[in-house]
């Protein structure tokens, strides 16, 4: 197969590419990424010389570019490309609507025109809104997004499903819980905490710290998406979660303990607007229909993640300082070709 992976320089997208190249050695992967702040090609240094991998710098909202790429025998599109940080969506909603909604629609139009055999829309559990103390999100839970980010992702999901119903496009959607692991941009909760602790700094925690999230190690998610790509039923939504619910304060206390740091480094800060209280995914459908299950316990995943950040200081230091962005501006043209 030849895959177009959009947003493949981001956290989950890059881990998916690494997973696919390892487990499907005959597959060709094109990575289309606009290299915004969250895109980092250093995530993919280990496969930069792989003949089955290529990179193009570009925007999924560029219809001509997307059409040109899909003309080259692409079999499937896996759309990770998205503005994804909730705090940024509160400050600047317009860029989220443009990329997450308009960009998805342009990708769908191009895929429809080129008769692409599979279109996987990567979504999030945040489209369901906030849960009470009981129950878990299923694929039939009503959507109730509470931030500009989650609203833009819910909109993209509805557009994708509408293209399936109206145009009989082979659309599938995955909705996953909070991912963590290597190469995550260090403004997210876990990598921010880990890198701050490595620097001897305090760790900020929103509100009372009692917001509950369901955590999944990123490689487990990549495996589930792989199964959806190959075995999923068109027009269906697949929830992906590991059942690792934890309050934010409990999670951070575990991290500081694993790193041998004092809990006094956890600092409470003003809560953000519209902060959902609890997310929890029911992955039964994905498990029963595709034979998938999470392989990584939260304790083992946290130890693996902490170890990775300890061993890859240069990677996250370059991200935190912004040095990684300077390289791309200097070396890549608008279409992703290295400048001379």
Debye log10 I(q)/I(0) at q = 0.09, 0.15, 0.21 Å⁻¹ for the stretch 164-293, Cα point scatterers: -0.34, -0.79, -1.17
The stretch 94-152: relative contact order in percent, alpha carbon pairs under 8 Å with at least 6 residues between: 41 percent
For the chain, what is the relative contact order in percent, using Cα pairs closer than 8 Å and at least 6 residues apart in sequence? 18 percent
Descending packing, highest mean Cβ count within 10 Å first, for 28-37, 124-133 is 28-37, 124-133
Compactness index (Cα Rg / 2.2 N^0.38 Å), the stretch 1-51: 1.03
Using helices alone, I'd like the mean residue ellipticity at 222 nm for the chain: each DSSP H run of four-plus residues gives -39500 (n - 2.57), total over residue count, nearest 500. -12000 deg cm²/dmol
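Using the number of other C-beta atoms within 10 angstrom as an exposure proxy, rank 324, 206 with the fewest first. Mind dumping the intermediate values first?
Values: 324 20, 206 16.
Fewest-to-most ranking of 324, 206: 206, 324.
Sort 42, 134 by Cβ crowding within 10 Å, fewest neighbours at the top.
On the way: 42 18, 134 7.
The most exposed by this proxy come first: 134, 42.
Given Cα pairs under 8 Å that are at least 6 residues apart, what percent is the relative contact order of the stretch 71-216?
That works out to 25 percent.
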Going out from 0 in 5 Å bins, what whole percent of all Cα-Cα distances in the stretch 180-238 drops into each bin? 4, 14, 17, 18, 15, 12, 9, 7, 4, 1
The stretch 1-138: radius of gyration over Cα atoms, expressed as a fraction of 2.2 N^0.38 Å: 1.09
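Fewest Cβ neighbours within 10 Å first, please rank 279, 53, 238 accordingly. Mind showing how you got there, number by number?
Details: 279 23, 53 20, 238 26.
Starting with the residue having the fewest Cβ neighbours, the order is 53, 279, 238.
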The stretch 74-202 -> Rg/Rh from Cα coords, Kirkwood Rh, value 1.03
Cα gyration tensor of the chain diagonalised, 5x eigenvalues square-rooted, in angstrom largest first, produces semi-axes 30, 24, 19
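Each value in this text was obtained by applying a stated rule to the coordinates, not by laboratory testing. For clarity, every value in this text was computed on a predicted model and none was experimentally measured. For neighbour counting, all protein chains shown are included, and Cβ atoms are generated from backbone atoms with ideal geometry for every residue, glycine included.
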